[in-house]
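The values are calculated or read from the model by the stated rules, or taken from the named source; none is laboratory data. Computed from a predicted structure; not experimentally measured. Here the Cβ positions follow ideal geometry from the backbone for every residue, glycine too, while neighbour counts run over all protein chains shown. Note: accessible area is taken over every heavy atom of the protein model, side chains too, but ligands, DNA and RNA are not part of it. Shrake-Rupley method; radii C 1.70, N 1.55, O 1.52, S 1.80 Å.
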Amino acid sequence: VMLRDGAAHNDIVENVVVGAGQGGIYVNGFTNTMRQPASAGHRPAHNLISGNHVHHCGLYYVHVAGIYLACADHTTVAHNDVHHMPRYGISLKQACPNSVIEYNDVRWTNLATRDTGAIEMAGNKAGTVVRFNLITDAVGSGYISNVGHHASPCDAGGIYLDNMSSNVHVHGNIIVRTECGIWLNWGSSNIIEQNIIVDSRAAHAF
């Protein structure tokens, strides 16, 4: 399922997406394959993604997410069940202002890639809320150049704020059996509070 080109006020609700070659649900605010953001009036906005079951996708291209937002405004991702994905469960790329990621069940992700997270965002400085999600078993798998071999589990966070993602409020999440519970990469003005992290292999927060 894909929304793009200013698609607004849509509800993607109670679908089952299984066995897709790439990702499951994609809200695409890029203009082209070079990931250039569309102008403000041409980005998807005010969309709801709720109650969907997305699993076992990424059969021929693994750098995908069960639910993927890119330059999408005012998007709510809630009460979805996402599991058995080769990379992200839920991903937000670049500015996704006023987006809320809440009450999702995200399990068994990052099965074929590393430097990744079950719920991940990259370069998102616009302000997002990530709350009350259940995340388990973000595994991570890949080649480690400095040690010269493949490793798994490896480099996977439960919630990964990558590439200077900032102004994110992460609270009330339960994160179980991950490499790192909450992983921060150079962001600022993030609020991380009242999360429960259990059985993190390397660090609860990094």
Candidates I182, I197 - the one that is buried (at least 24 other Cβ atoms within 10 Å of the Cβ), among the hydrophobic types (A, V, I, L, M, F, W, C) and more than 20 Å from S50 (Cα to Cα):
I182
Unique residue being modelled with pLDDT of 95 or more and either closer than 30 Å to T31 by Cα or assigned to a strand (DSSP E or B) (or both) when the list is R177, R114, R107:
R107
Condition set under 18 Å from the mean Cα position of the chain (by Cα) and touching a residue at least 40 places away in the same chain (Cβ under 8 Å), scope segment 5-20, selection farthest from T76 (Cα to Cα): answer is V17
How many residues are farther than 13 Å from N190 by Cβ and either among the basic types (K, R) or open to solvent by less than 20 Å² (accessible area, probe 1.4 Å) (or both) when one looks only at segment 152-172?
4
Looking at N167, N98, N163, N124 in this structure, which one is among the polar types (S, T, N, Q), farther than 15 Å from N52 by Cβ and touching a Leu at 6+ places or on another chain (Cβ under 7 Å)?
N124
Please work out which residue is nearest to the chain's Cα centre (by Cα), limiting yourself to segment 21-39 and to residues that are in contact (Cβ under 8 Å) with a residue 12 or more places away in the chain and under 13 Å from Q94 (Cβ atoms).
V27
What single numbered condition from (1) closer than 16 Å to A118 by Cβ; (2) over 15 Å from the mean Cα position of the chain (by Cα); (3) crowded, with 22+ Cβ neighbours inside 10 Å fails to hold for P44?
(1)
Scanning segment 121-134 residue by residue, those farther than 16 Å from W186 by Cβ and either without any contact (Cβ under 8 Å) to a residue 12 or more places away in the chain or under 11 Å from the mean Cα position of the chain (by Cα) (or both) turn out to be V130
Which of the residues spanning segment 47-68 are surrounded by fewer than 19 Cβ atoms within 10 Å (Cβ to Cβ), under 17 Å from the mean Cα position of the chain (by Cα) and in contact (Cβ under 8 Å) with a residue 40 or more places away in the chain?
Y61, V62, H63
